[in-house]
Each structure stands twice: as structure tokens, then as C-alpha cells.
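Data block below; observations after.
The values are calculated or read from the model by the stated rules, or taken from the named source; none is laboratory data. Keep in mind it's a predicted model, so treat the numbers as computed, not measured. For neighbour counting, all protein chains shown are included, and Cβ atoms are generated from backbone atoms with ideal geometry for every residue, glycine included. We work out accessible area using only protein heavy atoms, side chains counted, and drop any ligands, DNA or RNA first. Shrake-Rupley method; radii C 1.70, N 1.55, O 1.52, S 1.80 Å.
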Amino acid sequence: MTAAPPGALAEPVERVGRGWTASLSLANVAIWVGWYGPLQILLARQAEDFAPGTGMSKETLLAWVTGVGAVVSLAANPFFGALSDRTTARWGRRSPWIVAGAAGGALSLLVLAGAGGLWLMTLGWCLVQLTLNAAFAAVTAAVPDRVPRLQRGVVGGWLGAAQILGAVAGTGLATVAGGISAGYVACAVFALAGVLPYVLRHPDLRLAATDRPAWSWRSFARGFWLSPRRYPDFGWAWLTRFLINLSNALVLLYLLYYLRDRLHYSDPEQGVLILTAVDSVALLATVVVGGIWSDRVGRRKPFVKWSGALMAAATALLAAWQTWPGAIVVAALLGVALGVFMSVDFALMTDVLPKAADRGKDLGVINVANALPQVAAPALAAPLVTYLGGYRVLYAVAAVIGVAGVVFVDRIRGVD
């Protein structure tokens, strides 16, 4: 068991090995399987089944369920990140939360497997968001805990690759499992099993009891507010990530319905899987390379800017070229750009963290920029698709939001 000193709060200087990176990446794959199997396929299919008895369209019902779940995610990620910052368990600060979150996520997916109506579906998805965010907050915080700054681009690249592999695996499991319930069970098993190699093979850093701050509800609650005036780089980096993730969320939310209702693709579920695979191959081609390149040149901002600009351009192309070949081209372009963005933006975020003692909480606040778009996207997408022009307008708005995210990158002054 690794203990402090040098301390859980020390700035890491020793490079992590391939085994550590691979195990942490597998844990990340497992968490994203638990999210993306439902988001890409299973929740949409349940929304179709349950919508007729609710008075809502399937699009509106899905928007409400994913939106409520995203609200839970908004609070859960920084909350559990803050708890892990204060954890002094034998097994370290992060590992207990990784195990508990993955186990809770697996049980929550089984709740969804047995859902017979809207309310249990909503409850199950909220529990999935609550528990898997506990695991994700701890996995993310392990990087600034253990990885030196000039290795974070490549580690961020592998974590980005893990995210997209989780999306592919989750979508694949949901598609081939043989039904909604079987899809949820398959995702649940993977979500729990995938975190075990990391927690069993790699001892976590322990926080000494003397390093844990005195408990106060007021100071705990106030710690979630990070003043943009006091920490401007953190604020601008957060806003950049939020806007680009919102643009991407608007593209993905109704993908199944877009293929079926707008493009009239014969097998929309298979189409989602194909587009996800194309996106994934393109992403995997750039996500690690982008991180390595950024580490070697010691720069972050140009990579974030140009990858964000390519994502916005690809989204605009989706608004103008609404055909199946167009969707494939856009998926490839988004994959290339998102690969670079995911690895380098993650490294940039770890570079602007204000305090070592609050890494989990601060990264949780940053991860709100991943979750908040899940709330905002349904609120924007449902009226745009239903009343204000359909999918062409939806993707045009998404492109404009992406451009706004690119513009704000130059406001980050403390990182080259």
C-alpha cells in the first residue's frame, strides 16, 4: 500500500507505467459502457414503448428522462469528488469510490432492466447517473494524483480512447444482447467487472488523517464555488468545455430518431452502431497521438482550438448534407477532431486546477461541463426538432455553439 509521504497531496513527479494507464483506462471503459448502452439504444427503445401511455412524444419523453438524470449527474460528480478528496481509508482516497460507484451502477442498470413504465425508468436512470458519477469522479481524480504534468496529454489520450471504446462496447452490447433487459444486464456486468483490475492491481495513495481538513458543512458547500474572477483560467477552460460538449450532445441526442425519421434508414439501430464505429476508428487514430504531440511540444491551446473548430465545421456539414453518406463523413470528421480535443483538453484542465487538496472536487466541477450539456441539450433540442425547423436547424445551432467554445480558448492565459 502506497502511503504519504510523499503524500496524496504532493505534485507527482514519477511517470506512471503502461500497466497503470491500461488498468485505469479499462475502468473508464467500464463506466462509459454503463452510460452509453442506455443513452445510445436502450433508453430510446424504452421511450418508444412507454410514450403512448404518457401523452408525450418519444422525443419529449426521452428528453425529460435524460434531462432529469443529467441534473443528478451535475450534483453527483463534484459531490463524490469532494468526498474522495477527504477519504482516509486503508485502500486510499479514490479506490473505495470506484468500487462502490461501479457496484451501485450495476445494480441501477438492473433496475432499468426491470422497468415497466416511465417512473421506474426515470428512477433507474437517475440512480445510474448518481452511482457511476461517483466512480467516474474518482477515476478522473487519479490522474492529477499520480501523473506528472508532461505525461498527462498521453494519459488523457488513453482515457479519451477508453471513453469512445466504452461508447462502442455499450452500443454493441445493447444492440446484440437480444432485448432491452438483456442489454441492461450485459452493460451491468461489464461496468462492475471492468474496474476490478485497477483497484486490485494498483494500490491507491492514502491521505493521512492529519492532512484532512476539519469538517464543516459551510466550508464543504462553499468549496464548490470557484470564482471565475479569482481563477479566470479555470473559468474560461470550463466554459470552453461546456460549449463544445453541448454542441456534441445536440448531435448525439436524437441520432436514432434522425436516422429513422429524417433519413429513413432501414435499420436505425444498426445505423447508430455503424456511425459510432466510424467515429470511434477516427477518434482512436488521433486521441493518443494528439496527447503525445501536445506533451512533446508543451502546448495545449492550439490543439484545443483547432479540434473544436473542426468539430463545429463537421456539425455544420451535418445540417447542410442530410444523407446517409453525409452522416458517415461527419462521423469520421467528428471522430478525428474529438480525439484531439478529449486528450489535450483533459490535460489542459488538470493544468489549471487551483489546489492539490481539492483535485477530486475541482475535477468534479469541471465534469459538470460534461453533464450540464445533457440537461441543456434536451431543453434546446426538443423544441428545435418539434416546432422550429427540425434536424437541419438543430445541427446549425449546434455548430454555432461549437464556434463560441473555440473563441473562448484564447481567454485562457496561464497555459500556452
Only one of Ser266, Ser294, Ser280 is on the phi < 0 side of the Ramachandran plot, small (Gly, Ala, Ser), open to solvent by 60 Å² or more (accessible area, probe 1.4 Å) and at pLDDT below 85; which? Ser266
Can you pull out the residues in region 83-99 that are among the charged types (D, E, K, R) and buried (at least 17 other Cβ atoms within 10 Å of the Cβ)? Asp85, Arg86, Arg93, Arg94
In region 331-347, is there at least one residue being among the aromatic types (Phe, Trp, Tyr), closer than 27 Å to Leu130 by Cα and either part of a helix (DSSP H, G or I) or open to solvent by less than 20 Å² (accessible area, probe 1.4 Å) (or both)? yes
Quick check on Leu253: is it of a type outside the set (Val, Ile, Thr), surrounded by 23 or more Cβ atoms within 10 Å (Cβ to Cβ) and at pLDDT below 80? yes
Can you tell which of Ala214, Ala174 is at pLDDT 85 or above and either among the hydroxyl-bearing types (Ser, Thr, Tyr) or farther than 30 Å from Ala404 by Cα (or both)? Ala174
For region 48-100, which residues satisfy the criterion of being part of a helix (DSSP H, G or I) and of a type in the set (D, E, K, R)? Glu48, Asp49, Lys58, Glu59, Asp85
Picked from region 50-82 (must be farther than 19 Å from Phe242 by Cβ and without any contact (Cβ under 8 Å) to a residue 24 or more places away in the chain), the residue most open to solvent (accessible area, probe 1.4 Å) is Pro52
Please determine, by comparing only the residues of region 389-416 that are farther than 15 Å from Ile244 by Cβ and modelled with pLDDT under 75, which one is most open to solvent (accessible area, probe 1.4 Å). Arg413
Restricted to region 123-136 and to residues being among the hydrophobic types (A, V, I, L, M, F, W, C) and open to solvent by 10 Å² or more (accessible area, probe 1.4 Å), the residue farthest from Phe80 (Cα to Cα) is Leu123
Among the candidates Thr323, Thr386, Thr315, which residue alone is open to solvent by 40 Å² or more (accessible area, probe 1.4 Å) and either of a type in the set (Lys, Arg) or modelled with pLDDT of 80 or more (or both)? Thr323
Quick check: is even one residue across region 21-29 modelled with pLDDT under 85, assigned to a helix (DSSP H, G or I) and in contact with a helix residue (DSSP H, G or I) (Cβ under 6 Å, 6 or more places away or on another chain)? no
Determine whether Gly235 is over 21 Å from Val397 (Cα atoms), part of a helix (DSSP H, G or I) and modelled with pLDDT of 85 or more. no
